[in-house]
Structure formats: C-alpha cells, structure tokens
Amino acid sequence: KPAPIPEGLLEVLKAGAVASRPLKGSAYNNKVLSSSINKIPYIEGDDKNDDNAGKMFREGRRDEDLFCIANHLIKGGCDEVKARQVLDILAKNCDPPFPEKEINAKILSALRRSDRREKALSDEVREWILSSSGVFLSSDVVKCLHVSSRDEQKNLSKILSRLCNEGLIERFGNKNGCFRRVETEVEILDFVNASGKEFEIDFPMGLSGQFKLYRGNLGIIAGAKSAGKTAFALDTVKRNMNRREIVYITSEMSGDELQLRLDKHQDLKLTDWKFRAIRRGDNFADLVDSSEKIFIIDFLENLQDAWKIGAELKKIHDKLRDGIAIVFLQKKGGEDLARGGQYTLDKARFYVALDQDKEANANRVKIVDAKAWRTDRNPRGMYRFYKLVDATRFITTTEWQD
C-alpha cells in the first residue's frame, strides 16, 4: 500500500487547485497556500549547524525536491500538463519561491529520465528476442530480464505491442501474452554446386567416429569444473594443427600458464605447436571470420544473464562460413546442459558434456545431441567413461553405451 501524502503537502495541492481557478478571492487562496506550505513535514538532515539542512522546499534543496516530485509524477503515469500544474503550485510556495521559468526544465528532465529507462528496457527486450527463436511467453521475458517492478511490467507490455507493430514478433495462439519471433533472415543456399564434403576434424575419445561436421558448423563442449575442458581443447588443437589453421581463444590463461600446459605434452616441444593463441574474455564473435579455420573458444560465460550466452553463440555462428567453431561452456555437475540451458542448444550441430560421475568414480563423456550421424545409429545420449592422465591424455575405460 502506498504511503499517504503528507497532510501539509495535500493542503498545498488542494489549495493550489483552487487558486488556479479563475475565481474571486485570490488573495485568500494565496494566504492558504502560504500557510499550507509551512505544514509540510521537515526531514532533518545530518548537518546540525544548518537550520535549513534537510527541510523540503527550502533554499539549498528546492531544485532537488522539485525534480524528485516531477520524476515521481511522470514515473507514476501523470501527464505533462498535470505534472506542470503541481510543480507550479509547489514552486510558488517554496521558501523562497522557485523561478517559474525553470519549472519547464524539471519536467523535461523527468521526461527524459523516463524515456531513458524505457529505452534501456526496450533495448534489452529486443536483444533477448533476437537471441531466441520460436514461441515465447511474456513471462519468459519477465523471468530472464528480471523485470520486477510494476512500472517495468507496464513498459514491457507496451514494448511487446510496439515490436508487434514493427513486425519483429507476432501474437501466437489464443493464450494471452504468447508471441513468436518473425524470422525473416535468409541465406540463399547453392545446393547444386555444394561440395557435400564434411569438415574433417579429429576429437579425443573417439567422438569423431560418432558424428560429422560441415562448413559453418558450431559445436559445444559443456564441462563441469575439473572435468578437463582445457585439456580437451588443447588435445583438439594438437590433433588438427597440421591440417587446418587454428585460432585458440582463452578467457582465463596468461601466456605463462599456457606454456606450462603445453609443456606437459612431452611428445612435443613448444616450437612444434602450430596455432594462434589469443586471450579474450568477451565479444568472441569479433574474432571469428568466414575462412576455413577452426576456432576454439575456451571458454564462454555470462554470470549475470546466462540467457545471453545463446545470443553470443548465435553471433559466432552467423560469422562462420567455411570454418567451424568449437565453444566450451561451464556447466553444473550432474547436468547435461551448460549455464544458459536450452539457449545453448539452438545453434549447436553437436553437443558434448564432460562430467565427473561420482557413482562410477570416473569421468564421463556424453553426446547430448548430434545432427549428422557417422553411422545409421543416432548417438544422442550415448556415453563412455575416461581417465585424464597428466592433464594431457584422455584414456577411455569403456565402450560407448546407452
């Protein structure tokens, strides 16, 4: 329940409303206004030596108080004309009176602040929609973007309606608040002259024998902590660096630490490694191009808004043409999908989970999803156990099983 308006302020506003009418007795009304302003409760400040410190609508804080009132009026849905009337009343009864010509600046400032707040939410909603596909509910947006206040929820409704008018989304089905993104992006495929050749790449633990990749594909390796994500990434570099140009992007390691990791591979000298190493913590898509490279990103995360991982994966996928990208994501132990959930599945042509199986007391590699099978058998859900030796060698201890 909202707090009641202070009695003194309420009297000012009531008296001001009377004073604004073209009736007789303006001298009486001005007297009422003058006496009413003195009934507004004081808010004592910290400065005990200043009699005016913290007292509302007094010299030294008139500007701040009037802007605060203007901001709350606009935020609460009051139209500009009514807000101006309220501020006019308060301005005349400040001590000393606040210049009438400066009231307009307070209104405009409050309006701009409201517009900025709505624009920020609008930009976030648009980004969220562009990163997703298919059908969604307005409650999904509320949950993912943490839209909590009543004002934000009202703005969200306006934003979704506006995006419908723009043609970015459309209402779907008979359920209230259900929408789908209108996907108009197209890429013309020359299937007649396509080579049909797979993109040859060798993965650890026999994964290459279960699925195939093609140009422009993106794959996901979701790993629990200490399951061997970086070891898997560097082993993939090692297996393929003599057949393809490789760009390895690390979000954590320095050059010194990378050197230590590579030194553990006793079958290679540092000068034998052939790949480009880059340190980058975000905006990975900026480093991806359309050439025939293998891009390995170790690893991508967004701790505040996990759903944005899906948006970043889409950006990476959209940049690919003749090469592929293998993106490593962090996941919770015991779960198949990485942080970001279903949003991390959308663009992946294969999805592999690395985990520590406590019951089996071993590490486990599981094929969560694969689009192009190597055999007639769908490998989805298949898994096997492995050991990681010296943080460099993956040794499988079982065959593939369902």
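So here's what we get for this one:
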item	result
Cut-off 20 Å, label 7 Å out along Cα→Cβ of Glu252, residues of region 308-341 by amide N	309-310, 313, 326-341
Relative contact order computed over region 290-395 (Cα-Cα under 8 Å; 6+ residues apart), in percent	19 percent
Backbone N within region 315-346 under 14 Å of label point (7 Å from Leu130 Cα along the Cβ vector)	315-316, 318-319
Stokes-Einstein diffusion coefficient of the chain, Kirkwood radius over Cα pairs, 37 °C, 0.692 mPa s, in µm²/s	125 µm²/s
Peptide ranges 273-282, 220-229, 297-306 listed from the most packed, as the mean C-beta count within 10 angstrom indicates	220-229, 297-306, 273-282
The chain - accessible surface per residue (Å², probe 1.4 Å)	57 Å²
Neighbourhood net charge (14 Å Cβ-Cβ; Lys/Arg +1, Asp/Glu -1) for Ile367	+4
Protein accessible area in region 148-280, 1.4 Å probe - carbon and sulfur %	44 percent
Separation in nanometres of the label points that stand 7 Å from Cα toward Cβ, at Thr184 and Glu359	5.1 nm
Apportionment of accessible area to carbon and sulfur, region 303-402, percent (1.4 Å)	43 percent
Segment Lys119-Thr397, length gained on full extension (0.36 nm per residue, minus Cα span)	94.6 nm
27 Å Cα-Cα threshold exceeded, pairs from Lys293/Lys387; Lys158/Lys347; Lys274/Lys332; Lys55/Lys101	Lys293/Lys387; Lys158/Lys347; Lys274/Lys332
Distance between modelled label sites at Asp88 and Glu64, nm, 7 Å Cα→Cβ extension	2.8 nm
Helix-only [θ]222 nm of the chain, DSSP H runs n ≥ 4, -39500 (n - 2.57) each, per residue, nearest 500	-11000 deg cm²/dmol
Principal axes of region 241-332: Cα extent on each, largest first, Å	40, 31, 20
Span from the region 155-221 Cα centroid across to the region 285-335 one, whole angstrom	14 Å
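The values are calculated or read from the model by the stated rules, or taken from the named source; none is laboratory data. None of the values given here were measured: they were computed from a predicted structure. Don't worry about glycine lacking a Cβ; one is built from the backbone with ideal geometry, like all the others, and counts go over all protein chains shown. Accessible surface is based on the protein model in full, side chains and every heavy atom, while ligands, DNA and RNA are left aside. Shrake-Rupley method; radii C 1.70, N 1.55, O 1.52, S 1.80 Å.
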